[in-house]
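Asker: One structure coming up, written as structure tokens, with questions to follow.
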């Protein structure tokens with residue numbers, strides 16, 4: 001067991017001790033609320049794919065299996081002081097991208113493997129209302145701070161990184177989920193329906209990456225067979241901390257927010273390529289880094305004749321990153337080294353999303369949701385040289401900005417106990433387009449017991465489109481959840 005897991009396990013008795021102290025006679029007003037969930041997620045492939053680029057499987061192979069539990073404890077210490085702790089535990093019989101053996105024999109897995117187990121401190125914070133001033137609230141600890149008004153496809157929600165590791169499990173509960181971060185969050189309410197928020201994040205925001213992520217990056221670099229991947233992160237220092245500022249109010253029945261974020265991209269982008277041998281490009285070194293950025297954002301939401309609507313616009317200014325491409329040329333029968341230097345990204349670029357939703361009075365209710373997005377979470381605007389030498393383009397992961405149309409339809413039947421839904425996203429391109437669909441059915445067996453089934457289906461060109469790269473990875477899943 002590594003040091004990180006030991007530290008996480010030691011957190012449990014520490015947390016229990018803290019809450020026991022809160023229950024001492026001096027804290028007789030403390031009230032506790034305990035909740036949790038147990039979930040089994042099981043998925044398998046309904047198609048054969050032996051050509052990748054990301055997954056390799058036969059039809060009927062299991063895709064992802066996991067048992068998950070969530071335990072949350074809320075404490076009201078007084079009228080103005082509260083605390084929350086949430087622990088997530090995961091048991092996965094297999095890793096996502098690799099079949100690597102574990103050191104000792106397993107009990108629940110195959111004889112050559114153990115069952116990977118992870119205990120995560122998802123949230124842990126204390127909130128103090130009326131801190132120093134009557135209208136000033138302070139929240140300190142690991143927390144989810146959501147900015148923006150769009151449904152999942154936010155472009156101004158910068159304080160919490162996207163959980164890419166769970167996104168690629170295709171578990172619908174983790175579709176575009178963002179992870180809580182350790183932060184100092186000050187919220188001041190100067191007048192009615194208005195809030196001024198200042199957030200300081202002591203650490204860089206890095207998205208959790210799946211096991212075998214370097215293999216995904218290699219597959220994305222089709223021009224370089226088997227390159228060596230290098231990820232560069234910033235040192236933990238005061239100068240590398242991030243912060244955000246947001247003012248929100250209501251004008252003419254429209255919710256409006258203005259925000260500023262100074263921090264970093266939570267996903268890595270290619271910065272340099274070194275071809276150590278022109279004869280064997282497999283010896284190439286490829287370097288990725290997490291550039292800094294500044295984001296000015298505006299978000300709006302309202303309602304027009306029972307139709308809800310929202311819009312977000314972000315002006316993103318990346319740091320000036322010097323990229324490089326070191327290669328060789330054959331001239332006069334000799335090898336001549338060539339060192340190219342150029343800007344990685346444009347000086348600034350825009351991302352935006354607009355959307356609307358409406359509920360029809362059909363049966364128990366038909367809900368429709370439609371959004372138009374410019375720039376998905378992994379995309380950026382690159383310089384012309386970066387697109388030329390790194391092969392960055394539209395229709396690839398970690399590539400150039402493009403447009404998407406996302407939709408969701410939910411039909412509730414049997415007094416709401418049965419729900420049929422379809423989520424979809426269409427990649428719009430001047431060239432070839434692709435789409436991904438998430439049909440599902442959920443039945444509420446009891447007030448706290450849910451059984452659901454669904455599928456993930458993608459279409460499109462396998463080499464030129466983003467979702468088309470998963471077109472041969474059709475997945476069917478079953479999920480059971482018990483909440484308490």
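Values quoted throughout were computed directly from the atomic coordinates according to the rules given, and no laboratory measurement underlies them. Predicted, not measured: the structure shown is a model, and the values here were computed from it. When we count neighbours, we look across all protein chains shown, and the Cβ atoms used for this are built from the backbone with ideal geometry, even at glycine.
Asker: How high is the relative contact order of the stretch 130-350? Use alpha-carbon pairs under 8 Å, at least six apart in sequence, and give a whole percent.
Answerer: With pairs under 8 Å counted, the relative contact order is 17 percent.
Asker: Okay, next question. To one decimal place, what Kirkwood hydrodynamic radius in Å is obtained for the chain from all pairs of distinct Cα atoms?
Answerer: When all Cα pairs of the chain are included, the Kirkwood radius is 25.0 Å.
Asker: Sorted from fewest to most neighbouring beta carbons within 10 Å, what does the list 479, 76 look like?
Answerer: 76, 479
Asker: Mind ordering 432-442, 300-310 by average Cβ neighbours within 10 Å, highest first?
Answerer: Top to bottom by mean Cβ count within 10 Å: 432-442, 300-310.
Asker: A further question follows. How many nm is it between the label spots at residue 317 and residue 50, if each spot is 7 Å from the Cα in line with the beta carbon?
Answerer: 5.4
Asker: Moving to a separate point now. Taking only DSSP H segments of four or more residues, each worth -39500 (n - 2.57), what value at 222 nm results for the chain once the sum is divided by all its residues, to the nearest 500 deg cm²/dmol?
Answerer: Counting only the DSSP helices, I get -2500 deg cm²/dmol.
Asker: Sorting 341, 179 on the 10 Å Cβ count, fewest up front, what's the list?
Answerer: The fewest-first ordering by Cβ neighbours comes to 341, 179.
Asker: Another one. In nm, to one decimal, how far is the residue 117 label point from the residue 74 one, both placed 7 Å along Cα→Cβ?
Answerer: A separation of 3.0 nm, rounded to one decimal place.
Asker: If one puts a single equal scatterer on every Cα of the stretch 130-350 and applies the Debye formula without solvent, what log₁₀ I(q)/I(0) results at q = 0.14, 0.18 Å⁻¹?
Answerer: -0.99, -1.38
Asker: For a quick check: sort 469, 35 by the number of other beta carbons within 10 angstrom, fewest at the front.
Answerer: 35, 469
Asker: Still on this structure, please answer the following. How tilted is helix 3-22 with respect to the longest principal axis of the chain? Cα atoms for both, answer in degrees (0 to 90, nearest 10).
Answerer: With rounding to tens, the tilt is 10 degrees.
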